[in-house]
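Trainee: Input: one structure, supplied below.
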Amino acid sequence: EDSSIQTTASKNIPTGSVIYFASTTAPTGWEECDGIAITTALGSSYTALRNFLIAAGNPFGVSGSDPKVPDLRGKFIRSNGTDGTYTAGTFGATQADAFETHTHAFAGNGVWIDSPGAFIVNASGNQVNMSRLTQTASQGDTETRPANIALLPCIKL
């Protein structure tokens, strides 16, 4: 594609916009969202982004007095705000991974959980101390995640 078309299109994208690229390096006019501080030493091409982040209240933190870009490495983006059911948290802040609270009932070999508590009832109607039950082995991976693909998030200078 004609590079002049790309340059014109890039100029119409507002400073501070975040876009994912199918590349391992940020294109000209963009900075990788890797949490770096936008210092004056980076030069005048970074001035608009620096001023934008400062005016926004440094939502992704600072290093000294220098605003940082968001660090999106290994993270999914979640919209800000709440819909009345779910709350994303504080704008610009990250959240650790989590599982929603849930329980599991063991139903096998004629044993079922009578009610939450310290005992279960077996098929004969006898209470069995749960501390004597054998626990199943852990299964799974090192994280919970949906199917995904990695791309490079960049912020417009």
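Trainee: Looking at segment 126-157, which of its residues are at pLDDT below 65 and charged (D, E, K, R)?
Mentor: Arg132
Trainee: Let me ask something else about it. If I ask for residues that are open to solvent by 40 Å² or more (accessible area, probe 1.4 Å), in contact with a Pro (Cβ under 6 Å, 6 or more places away or on another chain) and closer than 26 Å to Ala150 by Cβ, which ones from segment 52-91 would you list?
Mentor: Start the filter on segment 52-91 by keeping residues that are open to solvent by 40 Å² or more (accessible area, probe 1.4 Å), which leaves 52, 54-58, 60, 62-65, 68, 71, 73-80, 82-87, 90-91.
Now drop any that are not in contact with a Pro (Cβ under 6 Å, 6 or more places away or on another chain), which leaves 54, 58, 60, 91.
Matches in segment 52-91: Phe60, Phe91.
Trainee: Right, something else. Among the residues of segment 2-10, is any in a loop (DSSP other than H, G, I, E, B), at pLDDT 95 or above and open to solvent by 60 Å² or more (accessible area, probe 1.4 Å)? Write out each step before concluding.
Mentor: Pass one, segment 2-10, residues in a loop (DSSP other than H, G, I, E, B): 2.
Then keep just the ones that are at pLDDT 95 or above; that gives none.
Checking segment 2-10: not a single residue is in a loop (DSSP other than H, G, I, E, B), at pLDDT 95 or above and open to solvent by 60 Å² or more (accessible area, probe 1.4 Å).
Trainee: May I ask you to list the residues in segment 24-51 that are among the polar types (S, T, N, Q) and open to solvent by 50 Å² or more (accessible area, probe 1.4 Å)? Spell out how you get there, then give the answer.
Mentor: Taking segment 24-51 first, the residues among the polar types (S, T, N, Q) are 24-25, 28, 39-40, 44-45, 47, 51.
Selection gives Thr24, Thr25, Thr28, Thr40, Ser44, Ser45, Thr47, Asn51.
The values are calculated or read from the model by the stated rules, or taken from the named source; none is laboratory data. Everything numeric here is computed off the predicted structure, so don't read it as measured data. Because the Cβ atoms are built from the backbone with ideal geometry, glycine has one as well, and the counts that use them run over all protein chains shown. These accessible areas exclude ligands, DNA and RNA; they are computed on the full protein's heavy atoms, side chains included. Shrake-Rupley method; radii C 1.70, N 1.55, O 1.52, S 1.80 Å.
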